[in-house]
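**Student:** This structure is in structure tokens; I'll ask about it shortly.
The values are calculated or read from the model by the stated rules, or taken from the named source; none is laboratory data. Keep in mind it's a predicted model, so treat the numbers as computed, not measured. All Cβ positions, glycine included, derive from the backbone under ideal geometry; neighbour counts span all protein chains shown. For accessibility, only protein heavy atoms count, side chains too; no ligands or nucleic acids. Shrake-Rupley method; radii C 1.70, N 1.55, O 1.52, S 1.80 Å.
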Amino acid sequence: MGKIQEEINNYVDYILSYSLNTHSAKWYDNCIDILFFLTQIMHDDEKKMDQNVLNAISNLIFAINQYPKKCLSYFDTGMYSKLGLLAFSIRELNKIVDGLQETSKLLNKVILNNNYRKIQRFQQSKLTFSDYDILGGVSGVVYYLLDCQDILEDSKDMLTMRELIRYLIYLAKDYTYKGNRVIRYHIRKKQQFLQKERAQMKLGHINFGTAHGIAGPMVTLAKAKWRGILEQELDESIERLRELYRRFCVELESDVLFPRRLAVESFVTGKSTDLTENSGWCYGNLGIIRNLMKTSRYMEDESMYQFYLNKFIDLIDREEVEYNLDSPIICHGFAGIISTQVYAFKESKDEKCLVNIKRNLERTLIEHQKKERDSENYINNFSFLDGSTGAILAMQNSLTLNLSFGKILLVD
């Protein structure tokens, strides 16, 4: 593992150097992504006391405070937005250093209220995945805030939280669309993101993926129930979403496959189409199965938890070519694999979750170094999901098992 630690250390040095560079427009745009990276790295005991890391973080926070409009939008709503990443980072930093408690509370309130304003503008005909998903939507924010005591202990904030939860419950109900009964998480034709989707799915689709699909609301609602929040039809909405994954699951030997984007026509007829093709986090089997594991655990359904745990282990216990991945990144690469493995192990305590972890970790390093050599855009892409920082954090977490970024991915 020496080569991996060496690569991590070299990358951290690069980040520290970059953070002290001349402040260009691009630098300000990268500020919060780099802050997120460094606050995760600080979970390492050595880095926690590293004065260079502390100085870089101080420099970044000063820049964000002095020129906030260069770094983020006050109207951001998602956990993967600059505001969301900043809120997450400051909360993590507040666990390590003093003096950030009020700032953390303020940021949490801002992102909570921004999401409340978002749902006030809800129109079924305009629904997109960024309204409800875990990256840009309500479910990712609620999932995060369910761990924030400053929100949970504030009666006014909890009233707002309940409105967001009711919104996710409401979308789990059916409505009539062109003569068909369809779940309200339905994304209509014109609201589909890709031209290919609009051409192929004339009535729209229901997204089953981890990043943009109904998996996020399912896990989030289950976590709300686990936290003791009582809402009408909460249980029914969770079971509705779980049932959809059971109904459209296709079992092939030891594999379980799920739709990625299920066309309305297939939803109505009960036919599983556009099945997952890889083991990635965003649209792959591994991310979906991990979500189903977490939902089962929150619902205290140990039978289904064990079922999905076994499927999870079956999926990673295979030749790497069968993962159908060739990238180092979190979103749809090997960093997503090793991250999901580590968090599944931490939750289940089943060491079989770590099968092939050494091989997968080495492959992550190989792909990362290959991208590093071949593309300057990669090394200077500090995006957690599809950039170099995510690959480094995934490798670090595979060595230390103590980073917290899994909460943003809903695989923690």
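**Student:** List the lysines whose Cα lies under 20 Å from the Cα of Lys189, skipping any in the same chain that are fewer than 8 positions away.
**Tutor:** Lys126, Lys173, Lys178, Lys202, Lys271
**Student:** Evaluate the Debye formula for the chain with equal point scatterers sitting on the alpha carbons, no solvent, and hand back log10 of I(q)/I(0) at q = 0.06, 0.08, 0.12, 0.13 Å⁻¹, in q order, two decimals.
**Tutor:** -0.23, -0.42, -0.98, -1.15
**Student:** Let me spell out the model: positive unit charges on the Cβ of Lys and Arg, negative unit charges on the Cβ of Asp and Glu, origin at the Cα centre of the chain. What dipole size does that give, in debye rounded to 20?
**Tutor:** About 1760 debye.
**Student:** Under 25 °C and 0.890 mPa s, how fast does region 31-133 diffuse according to Stokes-Einstein, given a Kirkwood radius computed over C-alpha pairs? Answer in µm²/s, whole number.
**Tutor:** Working: Rh = 14.7 Å.
After rounding, the answer is 167 µm²/s.
**Student:** Here is a follow-up. Using the per-residue mean of other Cβ atoms lying within 10 Å as a proxy for protection, in what order, highest first, do the peptides 254-267, 130-143 fall?
**Tutor:** Top to bottom by mean Cβ count within 10 Å: 130-143, 254-267.
**Student:** So, one more: Magnitude of the Cβ-charge dipole of region 321-397, K/R +1 and D/E -1, about the Cα centre, nearest 20 debye?
**Tutor:** Values: 9 positive and 11 negative charges, 47 e Å.
The dipole magnitude comes to about 220 debye.
**Student:** Distance cut-off 23 Å, Cα to Cα: go down the list Lys225/Lys311; Lys48/Lys349; Lys70/Lys196; Lys105/Lys156; Lys95/Lys118; Lys118/Lys190 and report the pairs above it.
**Tutor:** Lys225/Lys311; Lys48/Lys349; Lys70/Lys196; Lys95/Lys118
**Student:** Would you kindly calculate the mean projected area, averaged across all directions, of the convex hull enclosing the Cα atoms of region 165-246, in square nanometres?
**Tutor:** So the mean shadow area of the Cα hull is 5.8 nm².
**Student:** Could you provide, to the nearest whole Å², the per residue accessible area of the chain with probe 1.4 Å?
**Tutor:** 42 Å²
**Student:** Which residues does a label at Tyr14 reach in region 37-66, if reach means a backbone N under 16 Å from a point 7 Å past the Cα toward the Cβ?
**Tutor:** What the label zone holds, given the 16 Å backbone N cut-off, is 37-38.
**Student:** Just to check, using Stokes-Einstein with a Kirkwood Rh over alpha carbon pairs, what's the diffusion coefficient of region 251-290 at 4 °C and 1.567 mPa s in µm²/s?
**Tutor:** 122 µm²/s
**Student:** Rounded to a whole number, what is D in µm²/s for region 142-204 from Stokes-Einstein with the Kirkwood radius over alpha-carbon pairs (20 °C, 1.002 mPa s)?
**Tutor:** 151 µm²/s
**Student:** Given the Cα atoms of region 199-352, and with Rh set as the inverse mean 1/r over their pairs in the Kirkwood sense, what is Rg to Rh to two decimals?
**Tutor:** 0.96
**Student:** So what's region 286-412 giving for Cα Rg divided by 2.2 N^0.38 Å, two decimals?
**Tutor:** Compared with the compact-globule rule of thumb, region 286-412 sits at 1.04.
**Student:** Would you list Phe307, Phe312 from the most to the least accessible area, probe 1.4 Å?
**Tutor:** I get Phe307, Phe312, largest accessible area first.
**Student:** While we're on this one: Residues of region 173-188 with backbone nitrogen within less than 13 Å of a virtual label 7 Å along the Cα-to-Cβ line of Leu203, please, listed as ranges.
**Tutor:** Once the point is set 7 Å along Cα→Cβ of Leu203, 175-183, 186-188 turn out to lie under 13 Å by backbone N, inside region 173-188.
**Student:** As an exercise, identify the GluC sites (Glu not before Pro) in region 79-180 lying in DSSP coil whose Cβ has no more than 14 other Cβ atoms within 10 Å.
**Tutor:** Within region 79-180, the qualifying GluC sites (Glu not before Pro) (loop, at most 14 other Cβ atoms within 10 Å) are Glu153.
**Student:** Tell me which chymotrypsin sites (Phe, Trp or Tyr not before Pro) from region 1-96 have a DSSP coil assignment and no more than 13 other beta carbons within 10 Å of their own.
**Tutor:** When the chymotrypsin sites (Phe, Trp or Tyr not before Pro) of region 1-96 are filtered for loop state and at most 13 Cβ neighbours within 10 Å, Tyr74, Phe75 remain.
**Student:** If you wrap region 1-77's Cα atoms in a convex hull and average its projection over all directions, what's the area in nm²? Each step should come with its number before you reach the end.
**Tutor:** Numbers: hull surface 23.5 nm².
Average of the hull's projected areas for region 1-77 equals 5.9 nm².
**Student:** Then there's this: Which value, in debye to the nearest 20, gives the size of the charge dipole of region 315-365 about its Cα centre, when Lys and Arg are +1 and Asp and Glu are -1 at the Cβ?
**Tutor:** I would put it at about 180 debye.
**Student:** Something else about it: For region 302-368, just the Cα atoms, rotate onto the principal axes and tell me the three extents in Å, largest first.
**Tutor:** Taking the Cα atoms of region 302-368, the three principal extents are 37, 21, 19 Å.
**Student:** Want the number for Glu319 to Gln369: 0.36 nm per residue separation, take away the alpha-carbon distance, what's left?
**Tutor:** So the extension gain works out to 15.9 nm.
**Student:** Which one of Ile338, Leu230, Tyr378 has its Cα pushed farthest toward the positive end of the charge dipole of the chain, where Lys and Arg give +1 and Asp and Glu give -1 at the Cβ?
**Tutor:** Farthest towards the positive end: Leu230.
**Student:** Percent of accessible area on region 236-329 owned by carbon and sulfur, 1.4 Å probe?
**Tutor:** 45 percent
**Student:** Let me ask something else. Please list, by residue number, every one of the trypsin sites (Lys or Arg not before Pro) in region 70-157 that is coil in DSSP and has at most 11 other beta-carbon atoms within 10 Å.
**Tutor:** Those satisfying the criteria are Arg121.
**Student:** Moving on. Just to be sure I understand: if I project the alpha-carbon convex hull of region 78-222 onto a plane and average over all orientations, what area do I get in nm²?
**Tutor:** 9.1 nm²
**Student:** Where the accessible area of region 19-149 is counted over protein heavy atoms with a 1.4 Å probe, how much of it, in %, is carbon and sulfur?
**Tutor:** 51 percent
**Student:** Classify region 115-161 as rounded, prolate or oblate, taking a ≥ b ≥ c as the square roots of the eigenvalues of its Cα gyration tensor: rounded when a/c is under 1.5, otherwise prolate if a/b is larger than b/c and oblate if not.
**Tutor:** Since a/c reaches 1.5 but b/c is at least a/b, the shape of region 115-161 is classed as oblate.
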